[in-house]
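Since the structure comes first, as structure tokens, the remarks are kept for the end.
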Amino acid sequence: MKLPTSIKWRLQLWYGLILIFVLSALGIAAYSMQRARTYHDIDDALKLRVNILTEALHPNGQRGIRRLGNPPTRRQILNDGNFLPRIETPALQGSLSESGFQLRAQDENLFGLDNPGNYYFLIISRTEEILAQSSNAPKINTLAIFDTLRVKGPGAFITSNTIRETRFETRSKETIIVGRDITPELNRLTLNSIELISIGLIVLSLGLIGGWWIADQSLKPIQDISRTAGLISASDLSQRIILSNTDRELSYLASILNATFARLEIAFNQQKQFAYDAAHELRTPVSIILTQTQAALKKDRTAEDYKETIEACLRAAQRMKRLIESLLELARFDSGQEVIRKDKININTLINDCIDLVTPVANETRIIIKNNSSDVLINADYEKISQVVINLLMNAIQYNIFNGAVDISTSVENGLCLIEIKDTGIGIEEDKIDYIFERFYRIDPSRKSGNSGLGLSICRAIVTAHAGTIKVKKLIPNGSHFIIELPQ
Amino acid sequence: MRVLIIEDEPDLLKSLARGLRDEGYAVDSSDNGEDGLFNAQSNDYDAILMDVMLPKLDGWQILEKLRKTKKTPVLMLTARDQTKDRVRGLDSGADDYLIKPFNLEELLARLRAIIRRSANQTSNILTIGDVAVNLASRTITHNKTPIELTAREYSLVEFLALHKGEVVTRTQLYEHLFDENESSLSNLLDVHVSKIRKKLGSEFIATRRGHGYCVG
């Protein structure tokens, strides 16, 4: 069977099943106890009567008489109400007295048609003759009695249809049979069981209604949360699920959802900002090309003028080309398409090559590059790591002072290769350090020419692709300190 | 008309200056906010063309400081195209707002519009007697006959026409017709005025001795 997919229905189903099980167990136990007590009472009354009959049969004393079990005292039975002594009608037929069997007067009303329990008795001799019987005793096939007697043993209680009987064999081998019709008790038991079932059904339905209400109440916050979450994901990622009045378990769920929304919002905003910034970066070079060409075309110009215009357009176009290349490179890193070709490379050789490339630029502002690197072999992409080192060196030169210095060094620490680049430049304010690897982030937002604002983002993407880290510190009093950690 | 351009992107600054000079404007330029604000405060420009993102002082800071002393019309150029940026620009005292990339023609038209508005003119055609000055096509007609004028002569007429009925001093004319790099030879103005009188009639420009010139 397929379980319903709704938690509410499933809760209700389990709840109902458990309730049915518990109620059934209780009902069955209650009924069994009731039934056991009823039979116990009946049997006690039967035992008492057997003992009375035994005493009547052997009035001379205790010799040869076994008492059956430990029957309740006579007083207890009489107080029971069922066995109120009744005197008016003699219960015994004449035959009984004739055979010399005589019940005490006060015991006579314990048997016969008119006694409240409709008790009867039979006393059968060793030779299977009926010695005595009450007027209401059923006609019996004596042989059958002895058959059952053999099966059940002496002193057993037997129920057949609505008749409960006990048989007892005295020492002198007479058999005493005492029984009665227990229909009223059986009817009462049936009534009891109907009552129990009805009560059970009422309790079950109340329980199910209560369970439904509880399930509803406990699931309501979930529905609230999912509704809010639905609204948030559909419209406004900046909204959050309100945590104040939710339960602990649910507030955990809600806070997880909120955290997810927060991450989504950041990613979404980054994406939006990225597209916006990319478009923004293209605006200035496009403006240059537009105004340059439109101004130049207004009238005839000299060759020198045209050359100037074309050169300005070329610079703008190259700027756009650099920007597009950087954007594509970042997009490849983002989508994991950028290929990193790792080889055993010597970081010292790499740094020397990079320094050779940037030295002419450094010379323009008389910046001295101090190389303190040593031979370290690492497994990395030569081209990509060169790109990072060149980018950082160029930054160190560009943002430096005239006659400044750039210091590059390597070291090995805990299996990591550290490349450190320090400069004597303007440095980065503490509050901006967290942002400088962000795309298009510029410390001076008005700096339009030259860098795309993506250089450090690309550096970070490359280092991250090598499972390394890149960070920056501010040097006191001036300068920046970039640290690249690469696994060997 | 004398215009100040504050723009830190050299190629853009150069092309804007050239485009404006071709139109007969006298153009001064600044490549950072501080310099720009100084120029804007120390001269009476007919208009200022200004980028928002500038080194040292940004466009908004310049506007805030400038508006304390000057009402010079300002056209902001910006790469920021979001509504809130435009609203902020206009609210902080800019007269118009142009988003990069823009067409030179549109920029020139908007520039003319803010200059005209600042002279309390609503129409592009100003008439002084039988002379009509078309601000949009930068042409002048006398008795419906087109008159050939040099760019500088046109600018002189345009400036006087925009201040119709007012006495315009020689200093004002020098300030508005020549940029900071031109040597303001004192008789250059007289040469232009006499040439215009030859073309439009001697009574077109009246001389108020010791004060300046007046039309209308």
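The values are calculated or read from the model by the stated rules, or taken from the named source; none is laboratory data. Everything quoted here is computed from the prediction, not taken from an experiment. All Cβ positions, even for glycine, are placed from backbone atoms using ideal geometry, and neighbour counts span all protein chains on display. When the accessible area is computed, the model is the full protein with side chains, heavy atoms only, and any ligands, DNA or RNA have been set aside. Shrake-Rupley method; radii C 1.70, N 1.55, O 1.52, S 1.80 Å.
A few remarks follow.
- Residue match in region A:226-242 (condition: assigned to a helix (DSSP H, G or I) and within 20 Å of the chain's Cα centre (by Cα)): yes
- When residues of region A:465-488 are limited to those that are of a type in the set (Val, Ile, Thr) and not in a loop (DSSP other than H, G, I, E, B), the one most open to solvent (accessible area, probe 1.4 Å): A:THR469
Residue by residue, here is whether (1) in contact with a Ser or Thr (Cβ under 7 Å, 6 or more places away or on another chain); (2) part of a loop (DSSP other than H, G, I, E, B) holds:
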position	(1), (2)
A:LYS299	no, yes
A:ALA317	no, no
A:LEU323	yes, no
A:ILE351	yes, no
A:ALA362	no, no
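- With respect to the conditions (1) assigned to a strand (DSSP E or B); (2) within 14 Å of another protein chain (Cβ to nearest Cβ), A:GLY453 falls short on a single one, namely (1).
- Total residues in region A:324-340, condition closer than 18 Å to A:ILE390 by Cβ and touching a residue at least 24 places away in the same chain (Cβ under 8 Å): 6
- Selection from region B:9-31 of residues that are more than 8 Å from every other protein chain (Cβ to nearest Cβ) and touching a residue at least 12 places away in the same chain (Cβ under 8 Å): B:LEU13, B:ALA17, B:LEU20, B:GLU23, B:GLY24, B:TYR25, B:ALA26, B:VAL27, B:ASP28, B:SER29, B:SER30, B:ASP31
- A:GLU195 buried (at least 16 other Cβ atoms within 10 Å of the Cβ) and at pLDDT 85 or above: no
- For region B:95-117, taking the residues that are open to solvent by 70 Å² or more (accessible area, probe 1.4 Å) and not in a loop (DSSP other than H, G, I, E, B), the one that is nearest to the other protein chains (Cβ to nearest Cβ) is identified as B:GLU105.
- Lone unmet requirement of (1) away from every other protein chain (no Cβ under 14 Å); (2) assigned to a loop (DSSP other than H, G, I, E, B); (3) of a type outside the set (A, V, I, L, M); (4) free of Cβ contacts under 8 Å to residues at least 24 places away in the same chain for B:ASP81: (1)
- For region B:161-178, filtered to residues that are assigned to a loop (DSSP other than H, G, I, E, B) and over 10 Å from B:HIS211 (Cα atoms), the residue that is least open to solvent (accessible area, probe 1.4 Å) is B:PHE178.
- Single unsatisfied condition, A:ARG319 versus (1) touching a residue at least 12 places away in the same chain (Cβ under 8 Å); (2) more than 10 Å from chain B (Cβ to nearest Cβ): (2)
- Scan of region A:231-247 for residues that are surrounded by fewer than 17 Cβ atoms within 10 Å (Cβ to Cβ) and within 20 Å of A:LYS8 (Cα to Cα), ordered by number: A:ASP247
- A:ALA303 vs. criteria more than 30 Å from B:ARG18 (Cβ to Cβ), without any contact (Cβ under 8 Å) to a residue 24 or more places away in the chain, open to solvent by 30 Å² or more (accessible area, probe 1.4 Å) and more than 14 Å from chain B (Cβ to nearest Cβ): no
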